[in-house]
Amino acid sequence: MLTYHTATTLDGFIADPDDSLDWLLRQQHDASGPFGFDEFMAGIGAVVMGSTTYEWVLAHEGDAWPYAMPTWVMTSRDLAPVEGADIRFASGDVRAVHEEMTAAAGGKDLWLVGGGDLAGQFAEAGLLDEVVVSVAPVTLGAGRPLLPRRLDLELVGSAVNGAFVCARYRVAGPLLEDRA
Ligand SMILES: NC(=O)c1ccc[n+]([C@@H]2O[C@H](COP(=O)([O-])OP(=O)(O)OC[C@H]3O[C@@H](n4cnc5c(N)ncnc54)[C@H](OP(=O)(O)O)[C@@H]3O)[C@@H](O)[C@H]2O)c1
């Protein structure tokens, strides 16, 4: 199962126009509480992200790559890997990446870190199973969009964690009105 698990502003942005997450990092949150990250990560066997997210992690985590599981980074550029981390660069059709991730995950789930267009690419291929969002009490007016596609989703769970309203959605498919 592939889950896009992310924090978002109330108006649907996952980063500001300059890729800042300062608005997010100052919020109160319990990593071991409901919809917390610790429990989610325990079920994850492989990770995928776009190159902007990769570069953000590198800039903010320094040499300490945070993920122990194999990580695919989507890019058309020749980016440097992190020494000692299992990072695999890929480009183009996300279907091949999904297959490789599934094989590497050893029966565990797959995490799509971001961004929103990459989530849209998986959704268009019918490979995005879930969206889990933690909504921060912030609006930005502009920034990196959460999921710039027209989709129908089904709410399957919700909770409050600190400052966040958290929700789990099953991806039902293209927006009903767009289906032929
Ligand atoms: N709020 C949160 O919890 C959260 C979570 C995740 C990320 N973020 C932040 O949100 C922002 C997301 O940035 P973003 O919207 O630019 O998205 P992104 O997915 O991180 O990066 C987009 C880039 O990835 C590459 N890419 C994507 N799909 C590709 C494909 N199929 N083949 C080849 N390359 C591909 C392209 O760059 P190149 O080809 O030029 O390399 C594209 O410009 C970042 O600032 C990140 O730190 C926030």
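The values are calculated or read from the model by the stated rules, or taken from the named source; none is laboratory data. These numbers were taken from a predicted model, which means no experiment stands behind them. Ideal geometry is used to build each Cβ from the backbone, glycine not excepted, and the neighbour counts take in all protein chains shown.
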With respect to residue 130, determine if the residue is touching a residue at least 60 places away in the same chain (Cβ under 8 Å) and of a type in the set (D, E, K, R). yes
State yes or no: is residue 38 acidic (Asp, Glu) and either at pLDDT 95 or above or within 14 Å of the ligand (Cβ to nearest atom) (or both)? no
Just wondering, is there one or more residues in the range 7-19 that are under 25 Å from residue 102 (Cβ atoms), of a type in the set (S, T, N, Q) and in contact (Cβ under 8 Å) with a residue 60 or more places away in the chain? no
Output the residue which, of all residues in the range 38-85 that are surrounded by 19 or more Cβ atoms within 10 Å (Cβ to Cβ) and polar (S, T, N, Q), is nearest to residue 104 (Cα to Cα). 71
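Given the residues 82, 165, which is the only one that is touching a residue at least 24 places away in the same chain (Cβ under 8 Å) and either in contact with a helix residue (DSSP H, G or I) (Cβ under 8 Å, 6 or more places away or on another chain) or farther than 29 Å from residue 33 by Cα (or both)?
Values: 165 fails: either in contact with a helix residue (DSSP H, G or I) (Cβ under 8 Å, 6 or more places away or on another chain) or farther than 29 Å from residue 33 by Cα (or both).
Only one candidate passes the filter, namely 82.
Can you tell which of 179, 144 is of a type outside the set (A, V, I, L, M) and either touching a strand residue (DSSP E or B) at 6+ places or on another chain (Cβ under 7 Å) or within 12 Å of the ligand (Cβ to nearest atom) (or both)?
Testing whether each residue is of a type outside the set (A, V, I, L, M) and either touching a strand residue (DSSP E or B) at 6+ places or on another chain (Cβ under 7 Å) or within 12 Å of the ligand (Cβ to nearest atom) (or both) leaves just 144.
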Cβ contacts < 8 Å: first residue within 15 Å of residue 67 (Cβ to Cβ), restricted to the range 24-47; second residue surrounded by 12 or more Cβ atoms within 10 Å (Cβ to Cβ) and among the acidic types (Asp, Glu), any location; separation 6+ or different chain. Result? 43/109; 44/109; 45/109
Filtering the range 75-108 down to residues that are within 14 Å of the ligand (Cβ to nearest atom), in a helix (DSSP H, G or I) and in contact with a Pro (Cβ under 9 Å, 6 or more places away or on another chain), which residue is nearest to residue 52 (Cα to Cα)? 101
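Can you tell me which residues in the range 86-109 are among the hydrophobic types (A, V, I, L, M, F, W, C) and loosely packed, with under 15 Cβ neighbours inside 10 Å? Please lay out each step first, then the result.
Within the range 86-109, the first condition is being among the hydrophobic types (A, V, I, L, M, F, W, C), and the residues that meet it are 87, 89-90, 94, 96-97, 101, 103-105.
Passing the criteria: 96, 103.
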Hey, residue 13 near the ligand (Cβ under 9 Å from one of its atoms), aromatic (Phe, Trp, Tyr) and either surrounded by 15 or more Cβ atoms within 10 Å (Cβ to Cβ) or at pLDDT 95 or above (or both) or not: yes
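Looking only at the range 111-134, filter to residues that are over 10 Å from the mean Cα position of the chain (by Cα) and outside any helix (DSSP H, G or I); which one of those is farthest from residue 173 (Cα to Cα)?
Of all residues in the range 111-134, those over 10 Å from the mean Cα position of the chain (by Cα) come to 117, 120-130, 134.
In the following step, the residues that additionally are outside any helix (DSSP H, G or I) were identified as 125-130, 134.
Numbers: 125: 10, 126: 7, 127: 10, 128: 9, 129: 9, 130: 11, 134: 21 Å.
This residue is 134.
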